[in-house]
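Each reported figure results from applying straightforward, stated rules to the coordinates on display, with no laboratory input. Given the structure is predicted, the values throughout are model-derived calculations rather than measurements. Cβ placement follows ideal geometry from the backbone for every residue including glycine, while neighbour counts extend to all protein chains displayed.
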Amino acid sequence: MRALRKATRDFRQRLGSGGFGLVFKGVLTSGTQIAVKQLQDTADGQREQMYTEVEVLSRVQHPNIVPLLGWSEEGAACVVYALMEGGSLEERLACTGGRAPLTASERMTVLSDVARGLAFLHSEVGVIHRDVKSSNVLIDRGCVGRIGDFGIAKSVSSSGNMTATHMQTQPIGTRGVLK
């Protein structure tokens, strides 16, 4: 945890928020820029969402999935990712966050990237994201779209069934986006 405090300058530069906590910018001693999502509250299953995200991302490596660099449970639990310098698709479409809007060509590239990432998750890994939205699509320095925020993802068996032992009947995802 000491290394993460140092890398983030004691969690000073906030980038935004994720499914289970706030996200901060950091720089490792190697010069690698990182994003650190810090668990804020253990209520409402947020710790479970963090574990789900770590479990899914630790077994998934794909150019269109946000890379997991590590995680820590020491002190306030944190998950460490590669920094996506291009911000979120939501920011780029709304022209917020001080970044230039995406061109039509860049939008098509990012959407194709997301489609490739989802196809990989569904067909190769057996993971259903369950919260795909513009704020969960992050853009790297090269304008590559990457899917993030896997806190409510579910694995499916080879037969296509959810691996959970029960069926959830209430809506899941972001209010106003999924109902």
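Structural remarks
- The stretch between GLU48 and ARG99, if pulled fully straight at 0.36 nm per residue, gains 15.1 nm over its current Cα-Cα span.
- For segment 23-80 versus segment 127-158, the inter-centroid distance based on Cα atoms is 14 Å.
- Stretch gain in nm, segment GLU124-ASP41, where the contour uses 0.36 nm per residue and the Cα spacing is subtracted: 26.6 nm
- Over the chain: helical MRE at 222 nm, DSSP H runs n ≥ 4 each giving -39500 (n - 2.57), nearest 500: -7000 deg cm²/dmol
- Spatially close Lys pairs in the chain, defined by Cα atoms under 19 Å apart and a spacing of eight or more places or different chains, total 7.
- The chain: relative contact order as a whole-number percent, Cα under 8 Å and 6+ apart: 19
- Additional length obtainable on full extension of the chain from GLN33 to GLU106, 0.36 nm per residue less Cα span: 24.0 nm
- Förster radius 22 Å - calculated FRET efficiency between VAL156 and SER58 (Cβ-Cβ, nearest 0.05): 0.80
- Of all the options ARG107, ARG47, ARG59, the one that moves most in a Gaussian network model of the chain with Cα springs shorter than 10 angstrom is ARG59.
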